[in-house]
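J.: Let me give you the structure first, and then I'll get to my questions.
The values are calculated or read from the model by the stated rules, or taken from the named source; none is laboratory data. On a predicted model such as this, the values are computed, not experimentally measured, just so you know. Cβ: placed from backbone, ideal geometry, glycine included. Neighbour counts: every protein chain shown.
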Amino acid sequence: MNFEEEYMYEDSGNETSGDDVDFGVEADGCSHTNIQAYEEEYQFEVLSTEAIVQHMIDCIRDVNTVVQIPSTTTRILLNYFNWDKEKLMERYYDGNQDDLFKEAHVINPFKKQTTPTKIKSSKKLSGTEECDICFMVLPPAEMTGLECGHRFCYQCWNEYLTTKVMEEGVGQTIACAAHNCPILVDDQTVMRLVKDNRVRFKYQHLITNSFVECNRLLRWCPSPDCTYAVKVTYVDSRPVQCTCGHTFCFACGENWHDPVRCTILRRWIKKCDDDSETSNWIAANTKECPKCNATIEKDGGCNHMICKNQSCKADFCWVCLGPWEPHGSSWYNCNRFDEDEAKAARNAQEKSRAKLQRYLFYCNRYMNHMQSLRFEHKLYRSIKDKMEEMQQHNMSWIEVQFLKKAVDILCECRQALMYTYVFAFYLKKTNQSVIFEDNQKDLETATEMLSEYLERDITQENLIDIKQKVQDKYRYCDGRRKALLEHVHEGYEKDWWQYSET
Amino acid sequence: MANIATQRIKREFKEVIKSEEVAKCAIRVQLVDDNYTELKGEIAGPPDTPYEGGNFVLEIKVPETYPFNPPKVRFITKIWHPNISSVTGAICLDILKDQWAAAMTLRTVLLSLQALLSSAEPDDPQDAVVAKQYKDKLDMFEKTARHWTHVYAGGPCYNQEFADKIKRLEDMGVEENQARVALSSYNWDLERATEQLFSS
């Protein structure tokens, strides 16, 4: 992996023209999301794995400038406090330090001199020691241990740490190999004792991972195989863009989901993932046999049902679920249709069906935009070809840039639209929600038209006309998108939105 | 088998054989095969418990990665205990799972198991039926455990009442062990045990 300094940059939130220049070279220069869509800038920094390690070292050093303890101890303490320096300092100076070290499972470095290393369990046999793991009697030079005094031979340490790292996936919290000894093995000791590079690499990975995961101000880029993390100065639901091009919400790690909020989005995702929709389908499309409760789907035929469960074989009416006998000879019609009980059953079923349809309505539209967004890369590629072709037809580079801008805006609109359906699904009907839906409809229509323009063939003759149309349309789309988002955000501020429990 | 594991077991074997507990007949280990992957352990039921006077046999399987992973141990002798399955002999003990430490040995394992026999942990049960009896009817539990110790582990306490009840079920064609499990599970209520045996 080739990590370089250039990956670390501060995003000022401004749209730099530099990004546009890149486009001519890279096909995936699509990552041009408008980050300062609203309100003030949000400061963040993208860190490579190396930079994360450096950041971790810096954190330790920061603490060590104040607290004079070994850096390995500092690391264990920091990890114990989820890398919150302030919390550590506070406890360090306010509380009982002995307790602090004990809680963090590390030996108090100030006590080291006063309690001489005692060899607790290994028996000394005239200048040699016995390793408690392999029971080999070895010269002291081949034995080692932590400050707790439990000593084992190098080979056993290596095996022990390897098992912990490779099999159990423990990093920062490996304890001494002795029974009931809580003292943690520090990183330098692990690196000193483990010989295999694979294990060392995994260990490094585990401790950086726990560093990022424990640290509120850091988040791994959720994009597959991406090794970068994003660092912020305060946690907020804001879009951040990784060096790999992926834009996501810092607070929840999902794709940037304006206008819907993290909590609602999480509910939606859970709903989509859950089998609950399968059961909704079952509720809407099936009934249970009144005798044996087997689930039955009626796929045709008359209302006289005979349960196919061999041990049941109940005769009943599909409509009222009552026994078939009283229906007499009216085989195709249930004359008990309007009885209260049947009515109630019918209502319940209709309600459940309506609910499912409502979900499917929003889900389809959500999925549809998601699908279209996935074609984004393809569209960028075809647009790039078009732009090159146009440049061969005596158009200047600058004159064809509108196409790329159009795709950028198209993608932004699609993404916003996609999440408006999540928002709308949970939204209760109010005057404001009607305005919202109008905005949504307007943006949707405009976006689809822009999409259509971009798929048209561009020839020398219609070029001027198309360019005009595309430019008009994308300006309109962008304006509508901003208006929609602003309206939703205003609603958040003024508490317009009411949610349903669906 | 990995070098460390074999070496360890060989050394431990000697340690257990030499230990003072062996002298007191409290614990014992034997080899089952020549390559030290399987051993047979024995522990004496601790005094002042329902297991007193019994001798319990254990199956010990040594994994490739020993001593960095714990040995796999289960009771071969049937036993009535909240943390040991009355059916399979599987043991619920922290040091045989996540609390295992490389510096522990067969000797410490056997001693821990012996300690488990004297102090059960009914809140962390392996056998829910036994644990419930232990918590609700301690007296009944102790009688039952003593009876099991007598039948399977050679303990001294014979229980005429229990033996009669088992005999009654056997007369109805129920296999002896099955009858014992059913009676033990229903606090030696012959009627309910019969019901359970013949309803399934």
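J.: Just one of A:Tyr426, A:Tyr474 is buried (at least 17 other Cβ atoms within 10 Å of the Cβ) and either over 25 Å from A:Arg358 (Cβ atoms) or in contact with a Pro (Cβ under 8 Å, 6 or more places away or on another chain) (or both); which is it? Outline the logic, then answer.
T.: Numbers: A:Tyr426 fails: either over 25 Å from A:Arg358 (Cβ atoms) or in contact with a Pro (Cβ under 8 Å, 6 or more places away or on another chain) (or both).
Testing whether each residue is buried (at least 17 other Cβ atoms within 10 Å of the Cβ) and either over 25 Å from A:Arg358 (Cβ atoms) or in contact with a Pro (Cβ under 8 Å, 6 or more places away or on another chain) (or both) leaves just A:Tyr474.
J.: Here is a list of conditions, (1) under 23 Å from A:Leu485 (Cβ atoms); (2) loosely packed, with under 13 Cβ neighbours inside 10 Å; (3) at pLDDT below 85, and A:Ser396 meets all of them except one; can you say which number that is?
T.: (1)
J.: For the stretch A:174-196, enumerate the residues that are without any contact (Cβ under 8 Å) to a residue 40 or more places away in the chain and either closer than 23 Å to B:Tyr66 by Cβ or within 13 Å of chain B (Cβ to nearest Cβ) (or both).
T.: Residues of the stretch A:174-196 without any contact (Cβ under 8 Å) to a residue 40 or more places away in the chain: A:174, A:176, A:179-181, A:185, A:190-192, A:194-196.
Listed by number, the residues that qualify are A:Ile174, A:Cys176, A:His179, A:Asn180, A:Cys181, A:Val185, A:Val190, A:Val194, A:Lys195, A:Asp196.
To keep it simple, each residue is scored yes or no on (1) over 23 Å from B:Ser184 (Cβ atoms); (2) in contact with a Phe, Trp or Tyr (Cβ under 6 Å, 6 or more places away or on another chain).
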site	(1), (2)
B:Val16	yes, no
B:Ile27	yes, no
B:Leu31	yes, no
B:Tyr51	no, no
B:Gly54	no, no
B:Pro63	yes, no
B:Thr77	no, yes
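J.: Would you point out the residue of the stretch A:147-161, among those that are over 43 Å from the mean Cα position of the chain (by Cα) and closer than 23 Å to A:Thr73 by Cβ, that is nearest to the other protein chains (Cβ to nearest Cβ)?
T.: Step one: list which residues in the stretch A:147-161 are over 43 Å from the mean Cα position of the chain (by Cα), which gives A:149, A:151, A:153.
This time we only want the ones that are closer than 23 Å to A:Thr73 by Cβ, so: A:149, A:151.
Details: A:Gly149: 12, A:Arg151: 10 Å.
It comes out as A:Arg151.
J.: Yes or no: the stretch B:182-191 includes at least one residue that is assigned to a helix (DSSP H, G or I) and touching a residue at least 40 places away in the same chain (Cβ under 8 Å).
T.: Restricting attention to the stretch B:182-191, the residues satisfying the condition of being assigned to a helix (DSSP H, G or I) are B:182-185, B:190-191.
Checking which are touching a residue at least 40 places away in the same chain (Cβ under 8 Å) leaves us with B:184-185.
Scanning the stretch B:182-191, I find at least one residue that is assigned to a helix (DSSP H, G or I) and touching a residue at least 40 places away in the same chain (Cβ under 8 Å), so the answer is yes.
J.: I'd like to know if the stretch B:135-156 contains one or more residues that are in contact (Cβ under 8 Å) with a residue 40 or more places away in the chain, in contact with a His (Cβ under 8 Å, 6 or more places away or on another chain) and surrounded by fewer than 15 Cβ atoms within 10 Å (Cβ to Cβ).
T.: Yes, because at least one residue in the stretch B:135-156 is in contact (Cβ under 8 Å) with a residue 40 or more places away in the chain, in contact with a His (Cβ under 8 Å, 6 or more places away or on another chain) and surrounded by fewer than 15 Cβ atoms within 10 Å (Cβ to Cβ).
J.: Now, a different point. Identify all residues within the stretch B:75-109 that are assigned to a helix (DSSP H, G or I) and either modelled with pLDDT of 90 or more or aromatic (Phe, Trp, Tyr) (or both); write none if there are none.
T.: Step one: of the stretch B:75-109, the residues assigned to a helix (DSSP H, G or I) are B:94-96, B:106-109.
Within the stretch B:75-109, just B:Val109 meets the criteria.
This table checks each residue for (1) in contact with a Leu (Cβ under 7 Å, 6 or more places away or on another chain); (2) within 22 Å of A:Pro182 (Cα to Cα); (3) charged (D, E, K, R); (4) not assigned by TED's automatic domain parsing to the domain that holds A:Trp220.
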{"position": "A:Val53", "(1), (2), (3), (4)": "no, no, no, no"}
{"position": "A:Ile57", "(1), (2), (3), (4)": "no, no, no, no"}
{"position": "A:Thr74", "(1), (2), (3), (4)": "no, yes, no, no"}
{"position": "A:Leu88", "(1), (2), (3), (4)": "yes, yes, no, no"}
{"position": "A:Gln97", "(1), (2), (3), (4)": "no, yes, no, no"}
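J.: Of all the residues that make up the stretch A:47-67, how many are under 27 Å from the mean Cα position of the chain (by Cα), among the β-branched types (Val, Ile, Thr) and surrounded by fewer than 16 Cβ atoms within 10 Å (Cβ to Cβ)?
T.: 2
J.: Taking the criterion of being in contact with a Leu (Cβ under 7 Å, 6 or more places away or on another chain), assigned to a helix (DSSP H, G or I), modelled with pLDDT under 90 and away from every other protein chain (no Cβ under 14 Å), would at least one residue in the stretch A:139-146 satisfy it?
T.: no
J.: Still on this structure: Look at the stretch B:86-106 and say how many of its residues are closer than 18 Å to B:Ile43 by Cα and either buried (at least 19 other Cβ atoms within 10 Å of the Cβ) or within 11 Å of chain A (Cβ to nearest Cβ) (or both).
T.: Number satisfying all stated conditions: 9.
J.: Enumerate the strands (runs of 3 or more DSSP E) found wholly within the stretch B:1-66, keeping only those where 3 or more residues are more than 16 Å from B:Leu116 (Cβ to Cβ) and without any contact (Cβ under 8 Å) to a residue 60 or more places away in the chain.
T.: Hits in the stretch B:1-66: B:27-31.
J.: Report the residue count in the stretch A:481-502 for those that are in a helix (DSSP H, G or I) and touching a residue at least 60 places away in the same chain (Cβ under 8 Å). Give the steps one after another, and end with the answer.
T.: Just the residues of the stretch A:481-502 that are in a helix (DSSP H, G or I), to begin with: A:481-494.
So of that shortlist, the ones also touching a residue at least 60 places away in the same chain (Cβ under 8 Å) come out as A:481-482, A:484-486, A:488-489, A:492.
Qualifying residue count for the region: 8.
J.: Quick one: in the stretch B:23-43, which of the residues that are among the aliphatic types (A, V, I, L, M) and surrounded by 15 or more Cβ atoms within 10 Å (Cβ to Cβ) is nearest to the chain's Cα centre (by Cα)?
T.: Here is the first cut: in the stretch B:23-43, the ones among the aliphatic types (A, V, I, L, M) are B:23, B:26-27, B:29, B:31-32, B:39, B:43.
Filter again for surrounded by 15 or more Cβ atoms within 10 Å (Cβ to Cβ), leaving B:26-27, B:29, B:39, B:43.
Numbers: B:Ala26: 14, B:Ile27: 13, B:Val29: 15, B:Leu39: 16, B:Ile43: 9 Å.
My answer is B:Ile43.
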